[in-house]
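The values are calculated or read from the model by the stated rules, or taken from the named source; none is laboratory data. Predicted, not measured: the structure shown is a model, and the values here were computed from it. Here the Cβ positions follow ideal geometry from the backbone for every residue, glycine too, while neighbour counts run over all protein chains shown.
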Amino acid sequence: MFAARLGDEQANDDESAPKPSKFGVTVRKVTPEMADRLDMPAGRGVIVQDVKPGSFAEDVNLGRGDIILEVNKQPVNSEEDFAKVESSLKSGQDVVFLVRSRGSSRQDGTIFLAGTLP
């Protein structure tokens, strides 16, 4: 992979590079292949790649493999959407995630995970 050989600065601009977050979670866009496999509409949501121990995301029970569809009623369909919503939130604000839990099917529906940003 070409980007891996560049300096760290450039690598951080890479579209697919995970970005750290105040939520303590790393997300990636749901690819059409993933959407297909998960039996969900393509182009919706972001999938949780990683949750930092002791983070806000862990406190509200977000887990690796969960699909986040909305944050505070804002659809998040890309890393950029997610970062934009996240950066607008301040400490002490309530945050509500609309999530499709890892391993659940379309019939299982979605759940809300909520907490107050530390």
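Being in a loop (DSSP other than H, G, I, E, B) and at pLDDT below 95 holds for only one residue in Gly43, Gly92, Gly63, and it is Gly43. Only residues that are part of a loop (DSSP other than H, G, I, E, B) and crowded, with 16+ Cβ neighbours inside 10 Å were counted in region 26-40, giving 3. Taking the criterion of being acidic (Asp, Glu) and loosely packed, with under 11 Cβ neighbours inside 10 Å, the residues of region 65-118 that qualify are Asp94, Asp108.
Inspect all residues belonging to region 54-64 and state whether any of them is more than 17 Å from Val30 (Cβ to Cβ), within 12 Å of the chain's Cα centre (by Cα) and surrounded by 11 or more Cβ atoms within 10 Å (Cβ to Cβ). Yes: region 54-64 contains one or more residues that are more than 17 Å from Val30 (Cβ to Cβ), within 12 Å of the chain's Cα centre (by Cα) and surrounded by 11 or more Cβ atoms within 10 Å (Cβ to Cβ).
Only one of the listed residues (Leu117, Leu69, Leu89, Leu62) is farther than 15 Å from Ser21 by Cβ and not polar (S, T, N, Q). That residue is Leu69.
Identify, please: which residue in region 95-118 is among the hydroxyl-bearing types (Ser, Thr, Tyr) and either assigned to a strand (DSSP E or B) or over 13 Å from Val46 (Cα atoms) (or both) and is, among those, modelled with the lowest pLDDT? Can you show your working first?
Pass one, region 95-118, residues among the hydroxyl-bearing types (Ser, Thr, Tyr): 101, 104-105, 110, 116.
Narrowing the set further to residues that are either assigned to a strand (DSSP E or B) or over 13 Å from Val46 (Cα atoms) (or both) leaves 104-105, 110, 116.
Details: Ser104: 82, Ser105: 79, Thr110: 93, Thr116: 96.
Filtering first and then ranking leaves Ser105.
Annotation note: Cβ proximity below 7 Å between a residue of region 45-73 that is within 12 Å of Arg100 (Cβ to Cβ) and a residue that is aromatic (Phe, Trp, Tyr) and in a strand (DSSP E or B) (sequence gap 6+ or interchain) occurs for Leu62/Phe97; Ile68/Phe97.
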